[in-house]
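A.B. asks: Sharing a structure with you now.
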Amino acid sequence: MPKPRGKLKETNVTLGSDLRISRAREVFAALEAAASFPSVRIDGADVIRIDAAGLQALAAAVVRFRTAGAVWRWHNASPALAGAAKLLGLASVLELQ
């Protein structure tokens, strides 16, 4: 992902449909790169498969955003994503209440 230039102040990260261990590193890398932008919009609308590794990647990215001072927000969060976060006690950390 490129570094922010000029007037580009927000970047979008789309999580896709599968957020399980096989994609956790890839998703975290995309989110980590997005932390260089002042604002990050995360689209989780298509997530239908998610596991603890995927949620861990999201939680780690949230820590990076906060450390970098990046503002982030959910554009959409699928019921599967919100439900898994709630089940594992991460809904408040991920701001998915």
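A.B. asks: Would you list Ser22, Ser36, Ser78 from fewest to most Cβ contacts within 10 Å? If you can, show how the numbers build up before the last one.
C.D. replies: Numbers: Ser22 12, Ser36 15, Ser78 18.
In order of increasing Cβ crowding within 10 Å: Ser22, Ser36, Ser78.
A.B. asks: Then there's this: Once you charge only the Cβ atoms, +1 for Lys and Arg and -1 for Asp and Glu, what is the size of the charge dipole of the chain about its Cα centre, to the nearest 20 debye?
C.D. replies: On the way: 13 positive and 8 negative charges, 67 e Å.
Once rounded to the nearest 20, the dipole reads 320 debye.
A.B. asks: Summing -39500 (n - 2.57) over the DSSP H runs of n ≥ 4 in the chain and dividing by its residue number, what mean residue ellipticity at 222 nm do you reach, to the nearest 500 deg cm²/dmol?
C.D. replies: Numbers: 3 runs with 40 residues, N = 97.
Taken over the chain, the calculation gives -13000 deg cm²/dmol.
A.B. asks: Given a cut-off of under 8 Å on Cα pairs at least six residues apart, what relative contact order in percent is computed for region 11-87?
C.D. replies: Details: 129 pairs, mean separation 29.8, N = 77.
This gives 39 percent for region 11-87.
A.B. asks: Compute the projected area of the convex hull of the Cα atoms of region 11-87, averaged over all viewing directions, and report it in nm² to one decimal place.
C.D. replies: Working: hull surface 16.6 nm².
Averaging across all directions leaves 4.2 nm² for the Cα convex hull.
A.B. asks: Still on this structure, I have one more. Fully extended, how many nm does the chain gain between Lys9 and Arg73 (0.36 nm per residue separation, minus their Cα-Cα distance)?
C.D. replies: Numbers: separation 64, 0.36 × 64 = 23.04 nm, distance 1.35 nm.
The span from Lys9 to Arg73 would gain 21.7 nm if fully extended.
Values quoted throughout were computed directly from the atomic coordinates according to the rules given, and no laboratory measurement underlies them. All values reported here derive from a predicted model rather than from experimental measurement. All Cβ positions, even for glycine, are placed from backbone atoms using ideal geometry, and neighbour counts span all protein chains on display.
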